[in-house]
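Comments concern the structure below.
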Amino acid sequence: MSQDAVTPRYLPADWPLPEITAANRAFFTAGRLTLQRCRSCAQVQHPPHDICHHCQADTFDYVAASGLGTIDNVTIVHHAGDPRLADRVPYNVVIVTPDDHPDVRIVGNVVGADTVPVEIGAIEIGAPVRCVFTEVPDPDTGETLTLPQWELDQRDVARPVS
Amino acid sequence: MLGSTAVTGIGESRYYRAGRSPQSAAAMAATAVHAAIADASLAVDDVDGIVTYHPDQHDSAQLWSWLGLGELRFSAKAWGGGGNSGASAVQIADAAVTAGYARNVVVFRSLHQGAEGRYGRYNQTARPARGDAFLVPFGAAMPVVKNALLIKKFMHRHGITQEALADIALASYFHAQRNPRAVMYGKPLTREAYHASRWIAEPLHLYDCCQESDGACAVIVSSADQAPDLRQPPAWLLAGATGMHAGGGLWAFNDTDYPSGRLAPVGRQLWERAGIRPTDVDVAQFYENFTGSTLIAISDIGFCGPGEVEAFVSGKNLHFDGGVLPFNTSGGNIAEAYIHGLQLMVEAVRQIRGTSTSQVPGARLSLFVAGPGTPPSSAVLLSADAP
Ligand SMILES: [Zn+2]
């Protein structure tokens, strides 16, 4: 699937959505994987913030990443811990490192993998993934949010994860 | 630090499972603080400073007056979310007394999770902002999820198995069976029961998770000149440390300490200030919101390398009776109670006094480590011997 593929929301519809700010708007609305790059020092940082932690400048570009990534970390959550999640457990939470920005860590979910429960075990550290998006209206402004999510990908991956 | 201060008083309320205390957080705070003052044989007016941590249900300044304490000369709050800052709060008290701003500073924590909400749950409706905007919408909301990720990565990187987590839980429950104050007193745990317990968030089982509790505890840090006149043997504060690497405060698993507990810089500071090595420590209390946090902390702070930590904690190595590093001798957050880790500081003092229910024979150096969790992390080191 291509990076602009749209997937249903992984967690329930009433589960919280992020507060949108000037710094994080691109990440949550661009419809493709978009990272914050400092205009002064050209370093990419994630999560995006009001200042660059490398040089403290406060002007940025928002640059597209390939959307190809690797599972850096994964947990399967079995205990809901919130009534809104009661019918959704077990669910996965992953950390993905984009292949073109391996120092960046993005928290998300692998979607599709748990429609068949046995596949939960297939989400392993080092597995290749590809970015897809959940489109959901901002509950306060109506703006379309595009939450980056991940699908397991069959391509060969050469980058080991320690 | 090194002879300027000592812990002279400790106090506790009874500890309960969350929601079971008949008393409010304020009432339990009063019980713990006044017990600590009495334990130190100080007068109420002798206490002239306070350090707290965690955004509390009650405003600290108002509570000072409700507690009936005297003229306030020093107040401060440690940074961070909670369990990481228990030792930092004691270090701040130490710094204030060492500087002469106050003579007797109380550090306390009181929580009634029945009233304020159980810490293991999320239950928030506001849209997550800042770093949480990159965690909560994807289900990394409850503390156990974030800690499961940290622990999973640490275990994966260093080849650590589930048995190491079991060893931490078993040592905690072993010590709790000897401590009638522990909420898990009379409820021993076996390795089989550990492995059979349900997953909460992999790799964490039920028994990897700390208690959710109601209770309060307090310690009093006093200037060294008073210590000989007070009732209890002083627990001399050799050193405290609070810290992290330069990028340890970055958000959502992008901190430069991932996957560690941000305790390597804390260890370096602590051992240098105290002039001792980790192998000199007789007994240690580690803040363990989850078992695996202790694996990370033990290696971070310098007891062994991360690849050696599974062997380090195996068998009876953490037991009070002959272990390599007697650990959480009251049962800790896992099996005594979760008073945001400050009850571990109380136990560290008991080990110096020789009054623990799992007393390490001849303990002279007693360590309390707070963290991982939110940044920064902290630790304090106590000595039975005047520096
Ligand atoms: Zn910059």
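Which of the residues belonging to segment A:10-20 are within 11 Å of chain B (Cβ to nearest Cβ) and either within 16 Å of the ligand (Cβ to nearest atom) or open to solvent by 50 Å² or more (accessible area, probe 1.4 Å) (or both)?
Looking only at segment A:10-20, we keep the residues that are within 11 Å of chain B (Cβ to nearest Cβ), and these are A:10-12, A:14-20.
A:Asp14, A:Glu19, listed by residue number.
Which one of these is more than 24 Å from B:Asp94 (Cα to Cα), of a type outside the set (S, T, N, Q) and at pLDDT below 95: B:Gly249, B:Gly261? Give the steps one after another, and end with the answer.
Working: B:Gly261 fails: more than 24 Å from B:Asp94 (Cα to Cα).
From the options B:Gly249, B:Gly261, the qualifying one is B:Gly249.
So for segment B:90-101 (the condition being closer than 28 Å to A:Arg84 by Cβ, hydroxyl-bearing (Ser, Thr, Tyr) and over 18 Å from the mean Cα position of the chain (by Cα)), does at least one residue qualify?
Within segment B:90-101 (the criterion being closer than 28 Å to A:Arg84 by Cβ, hydroxyl-bearing (Ser, Thr, Tyr) and over 18 Å from the mean Cα position of the chain (by Cα)), the answer is no, since none of the residues qualifies.
How many residues does segment A:31-73 contain that are touching a residue at least 12 places away in the same chain (Cβ under 8 Å), assigned to a loop (DSSP other than H, G, I, E, B) and either of a type in the set (A, V, I, L, M) or within 16 Å of the ligand (Cβ to nearest atom) (or both)?
16
Just give me the residues in segment A:75-102 being facing chain B (nearest Cβ under 7 Å) and within 16 Å of A:Ala122 (Cβ to Cβ), in sequence order.
Passing the criteria: A:Thr75, A:Ile76, A:Tyr91, A:Val93.
Looking at segment B:239-258, which of the residues that are polar (S, T, N, Q) and part of a loop (DSSP other than H, G, I, E, B) is nearest to the other protein chains (Cβ to nearest Cβ)? Write out each step before concluding.
Of all residues in segment B:239-258, those polar (S, T, N, Q) come to B:242, B:254, B:256.
Keeping just the survivors that are part of a loop (DSSP other than H, G, I, E, B) gives B:254, B:256.
Numbers: B:Asn254: 5, B:Thr256: 10 Å.
Checking each candidate, the answer is B:Asn254.
For segment B:159-170, check the following and say yes or no: at least one residue is in a strand (DSSP E or B), crowded, with 22+ Cβ neighbours inside 10 Å and in contact with a helix residue (DSSP H, G or I) (Cβ under 8 Å, 6 or more places away or on another chain).
No, segment B:159-170 contains no residue that is in a strand (DSSP E or B), crowded, with 22+ Cβ neighbours inside 10 Å and in contact with a helix residue (DSSP H, G or I) (Cβ under 8 Å, 6 or more places away or on another chain).
Would you check if B:Gly292 is closer than 23 Å to B:Ile200 by Cβ, under 17 Å from the mean Cα position of the chain (by Cα), at pLDDT 95 or above and within 14 Å of another protein chain (Cβ to nearest Cβ)?
yes
Somewhere in segment A:106-115, is a residue under 18 Å from A:Gln149 (Cβ atoms), at the interface with chain B (Cβ under 9 Å from one of its Cβ atoms), open to solvent by 20 Å² or more (accessible area, probe 1.4 Å) and of a type in the set (A, V, I, L, M, F, W, C)?
no
Within segment B:1-10, how many residues are modelled with pLDDT of 95 or more and surrounded by fewer than 24 Cβ atoms within 10 Å (Cβ to Cβ)?
Adding up the residues that qualify gives 1.
So that you can scan it fast, the table gives a plain yes or no per residue for (1) aliphatic (A, V, I, L, M); (2) surrounded by 23 or more Cβ atoms within 10 Å (Cβ to Cβ):
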residue: B:Pro180; (1), (2): no, no
residue: B:Gly186; (1), (2): no, no
residue: B:Ile200; (1), (2): yes, yes
residue: B:Leu206; (1), (2): yes, no
residue: B:Asp214; (1), (2): no, yes
residue: B:Ala235; (1), (2): yes, yes
residue: B:Gly240; (1), (2): no, yes
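Taking A:Glu119 as meeting all but one of (1) at pLDDT below 95; (2) open to solvent by 10 Å² or more (accessible area, probe 1.4 Å); (3) within 13 Å of chain B (Cβ to nearest Cβ), write down the number of the exception.
Just one mismatch for A:Glu119, condition (3).
Could you list, in sequence order, the residues of segment A:27-44 that are more than 13 Å from the chain's Cα centre (by Cα), open to solvent by 10 Å² or more (accessible area, probe 1.4 Å) and of a type outside the set (Ser, Thr, Tyr)?
Once the filter is applied, which keeps residues that are more than 13 Å from the chain's Cα centre (by Cα), open to solvent by 10 Å² or more (accessible area, probe 1.4 Å) and of a type outside the set (Ser, Thr, Tyr), segment A:27-44 yields A:Arg37, A:Arg39, A:Cys41, A:Ala42, A:Gln43, A:Val44.
The values are calculated or read from the model by the stated rules, or taken from the named source; none is laboratory data. Small disclaimer: the values here were computed from a predicted structure and weren't measured. Neighbour counts run over all protein chains shown; Cβ positions are idealised from the backbone, glycine included. Note: accessible area is taken over every heavy atom of the protein model, side chains too, but ligands, DNA and RNA are not part of it. Shrake-Rupley method; radii C 1.70, N 1.55, O 1.52, S 1.80 Å.
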